[in-house]
1. I want the local charge near Asp304. Using Cβ-Cβ distances under 15 Å, sum +1 for each Lys or Arg and -1 for each Asp or Glu among the other residues.
2. With a Förster radius of 51 Å, plug the Cβ-Cβ distance of Asp443 and Ala76 into 1/(1 + (r/R0)^6) and report the FRET value to the nearest 0.05.
3. Report the per residue volume, in Å³, of the convex hull enclosing the C-alpha atoms of segment 204-273.
4. Search the structure for amide H atoms under 5 Å from the amide H of Ser430, placed 1.01 Å from N in the peptide plane, and list their residues when 5 or more places away or on another chain.
5. Are there chymotrypsin sites (Phe, Trp or Tyr not before Pro) in segment 125-197 that DSSP marks as loop and that have at most 16 other Cβ atoms within 10 Å, and which are they?
6. Placing one identical point scatterer on every Cα of segment 80-345 and ignoring solvent, what is log10 I(q)/I(0) from the Debye formula at q = 0.12, 0.15, 0.16 Å⁻¹?
7. Ranked highest first by the average count of other Cβ atoms within 10 Å around their residues, in what order do 241-247, 370-376 fall?
8. Pick out, in residue order, every one of the chymotrypsin sites (Phe, Trp or Tyr not before Pro) in segment 67-106 that is DSSP loop and has at most 15 other C-beta atoms within 10 Å; say none if there are none.
Amino acid sequence: MEIVQCKTVAAHVPFDNIFTVINISAMNYAASEAFARQMDSEDPLKTMRDRFHFPQHNDLPVIYFCGNSLGLQPKAAAAAIAIELDSWRNLAVGGYFGGTNPWLYYQQYCSGALAKIVGAKPEEITVMNALTVNLHLMMLSFYRPNGKRLKIIMEAGAFPSDQYAIETQVRHYGLEPDLAIVEIAPRNGEKILRTEDILDCIATHADELALVMMGGMNYYTGQLFDMAAITKAGHEAGAMVGWDLAHVVGNVPLQLHNIEADFAVWCSYKYLNAGPGAVGGVFVHERHAANINFPRLGGWWGNDEKTRFKMEKGFVPKPEASGWCQSTSQVFNTVCLKASLEIFEEAGIDNLRKKSILLTGYLEYLLKALDNISYEIITPQHPAERGTQLSLFFHRDGRLIHDKMIDSGIIVDYREPGVIRVAPAPLYCSFSDVFRFYTILRDQF
Ligand SMILES: *Cc1c(COP(=O)(O)O)cnc(C)c1O
């Protein structure tokens with residue numbers, strides 16, 4: 001393969017703290033099947049694809065570019081569930097203390113692998129409940145409106161569940177959303193947010209700001225925000241800073257501990273492939289997690305194991321993120337995450353990111369070669385400002401084109417208004433998938 005040009009990707013200054021800096025040789029891409037096959041044969045992660053079940057379309061695996069919405073099922077999931085069913089069948093209540101994976105500690109089994117993926121210490125991570133519930137619980141701890149410091153800054157056009165959560169939290173304190181919520185929108189005629197505008201907005205509202213609460217990546221545009229700079233600005237304004245990482249976790253490596261984010265929440269069924277409705281993930285920075293007096297709503301699973309079963313009065317949280325747990329660990333909601341994270345451990349999040357930059361770059365290159373359909377890529381061009389997903393904006397017929405893709409065995413999704421999201425997850429998508437996607441659009445649309 002010919003490599004004509006060398007450049008460093010993601011060495012962009014504001015991102016140095018947050019991403020592992022990746023040096024890759026920019027490929028001289030080619031719109032040919034031979035090129036795609038060559039890339040696949042040189043892909044160090046090529047065998048990872050065999051670990052997943054693909055739905056079939058006309059006896060061929062579908063082109064699955066929807067891992068940003070629901071990741072594919074790891075083949076190891078069924079056996080992992082069977083182990084817990086065995087423990088339950090053979091040990092019944094004894095499964096809490098015995099069996100292959102004693103359930104008493106089940107929420108801990110994912111912390112090590114997740115800590116590497118988000119750049120945290122294992123004690124800063126727990127799994128519990130689900131994303132929106134955790135967003136509420138974390139806001140109850142970290143959004144504490146006080147006097148005139150009551151505002152929340154968020155991105156305009158955030159995921160609906162986040163909008164509802166923030167709106168109802170504000171109302172819960174008897175505040176008016178119009179006064180308490182500041183939404184940052186793109187400039188007129190633009191689709192993505194400028195970091196400078198986000199930082200300006202934080203500075204403008206500094207005296208009244210209680211919390212900056214944003215998605216690390218916008219679900220609609222695929223824009224990845226400069227989390228290090230925004231977190232720093234939020235702290236300089238005297239506010240807490242929390243992140244919804246639904247579209248980032250398992251997609252782009254993070255450094256949550258080093259950037260000193262106060263908290264973060266995410267779901268496990270998108271890039272983490274843990275199955276529909278799987279347990280949610282939570283990060284609490286150790287400076288808060290170790291503080292057992294930090295305000296929270298408690299339950300017995302957050303209490304120290306030593307005293308949990310004594311049924312005594314007085315909640316004593318564990319001095320770590322799992323001190324926010326409330327209910328018994330959700331074994332069957334966590335087991336597929338545990339199985340999936342074993343694949344991430346093998347693949348390595350930095351290797352995934354490297355492949356993802358190449359794969360999404362190839363997708364972008366081929367899309368730009370199409371002249372028979374009319375659309376605009378609204379996702380930022382720089383790899384440091386995006387992950388796997390490209391969002392294609394159609395001025396007209398977006399929904400129809402989406403439906404036609406589905407009929408052709410291409411699984412992508414459509415989000416109003418006008419956007420088809422295309423996300424080749426590097427764990428199980430190939431360069432040949434991207435090329436096949438391109439030929440279908442070129443020849444059948
Ligand atoms: C997927 C997603 C959700 C979904 O929340 P659940 O509570 O898991 O249903 C919420 N917020 C964002 C930003 C998402 O991308």
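Read-outs: derived from the displayed coordinates by stated rules, not from any lab. Worth saying up front: this structure is predicted, and the values here are computed from it rather than measured. When we count neighbours, we look across all protein chains shown, and the Cβ atoms used for this are built from the backbone with ideal geometry, even at glycine.
1. Net local charge, Asp304 excluded: +2.
2. The formula returns an efficiency of 0.90 here.
3. Spelled out: Cα convex hull of segment 204-273, divided by residues, is 88 Å³.
4. none
5. Tyr173
6. -0.72, -1.07, -1.20
7. Working: 241-247: 27.9, 370-376: 12.1.
Top of the packing list down: 241-247, 370-376.
8. Values: sites: Trp88, Tyr96, Phe97, Trp103, Tyr105, Tyr106; in loops: Phe97.
When the chymotrypsin sites (Phe, Trp or Tyr not before Pro) of segment 67-106 are filtered for loop state and at most 15 Cβ neighbours within 10 Å, Phe97 remain.
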